[in-house]
Amino acid sequence: MDTFSLSLLPAAADAGLDTLTVSRHVPVFRRDVGRHDTTLAVAQCVDPNRFINAGLVLLLTRRRLVVTRQSRLFDRVRPLISADLTELSEIDWTPRDRIGLLDLRFTVDGDRQHLWVRAPHRQQLGHLVSVFGRTFAAGTDELAARRHAPGRNIPRQR
């Protein structure tokens with residue numbers, strides 16, 4: 001098994017996702033995420049700006065953020081958001097302890113996104129907050145540097 005598969009299954013179990021949901025979303029995740037990328041968090045989420053919400057699943061890896069949507073009518077899973085972390089800007093998240101979710105806002109490709117990331121229990125909410133903190137707050141300088149880096153790689157001198 002590859003790194004992605006080995007890290008996805010425990011993260012999905014921690015998020016309380018059932019096997020059927022995970023198996024439906026995995027083919028879309030595989031198209032967008034590399035084999036050697038590590039899963040940091042998986043969670044069900046809701047778009048509060050839409051009246052009807054299909055099954056949304058958020059996947060956060062070391063390099064990408066992917067949100068998939070499962071249509072109720074045809075049971076098809078399609079990517080809603082698939083972006084490299086360097087493409088994200090204006091990232092803001094707020095834990096809502098009373099209702100057990102993380103209020104996530106970010107901009108990708110000029111579109112402002114708003115998601116409520118569900119946590120099945122308080123420990124999972126704490127885990128999500130720490131993962132988002134490590135990924136975005138600590139890595140903001142690194143992400144900005146990669147975002148504005150020139151297109152060519154300059155080899156290191158030894």
* Cα centroid separation - segment 55-93 against segment 26-45, whole Å -> 9 Å
* In Å², nearest 10: area of Arg78 left accessible to a 1.4 Å probe -> 140 Å²
* Structure fact -> Around Gln113 (Cβ within 14 Å, Cβ-to-Cβ, excluding Gln113; K/R +1, D/E -1) the net charge comes to -3
* **Nearest-0.05 FRET efficiency for Glu87 and Asp2, computed from C-beta distance (R0 41 Å)** => 0.95
* For Glu90, net neighbour charge (Lys/Arg +1, Asp/Glu -1) across residues whose Cβ lies under 10 Å away -> +1
* Using a 1.4 angstrom probe on the protein heavy atoms only, line up Ile99, Ile91, Ile81 by accessible area, largest first. => Ile99, Ile91, Ile81
* Roughly speaking, what is the stretch gain from Arg134 to Arg63, that is 0.36 nm per residue apart minus the C-alpha to C-alpha distance, in nm to one decimal? -> 24.3 nm
* Asked: Carbon-plus-sulfur fraction of the accessible area of segment 1-123, 1.4 Å probe, in percent?
  -> 49 percent
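The values are calculated or read from the model by the stated rules, or taken from the named source; none is laboratory data. This is a predicted model, so every value here is computed, not measured. Here the Cβ is made from the backbone with ideal geometry for all residues, glycine too, and neighbour counts use every protein chain on show. Surface accessibility is based on the protein's heavy atoms, side chains included, excluding ligands, DNA and RNA. Shrake-Rupley method; radii C 1.70, N 1.55, O 1.52, S 1.80 Å.
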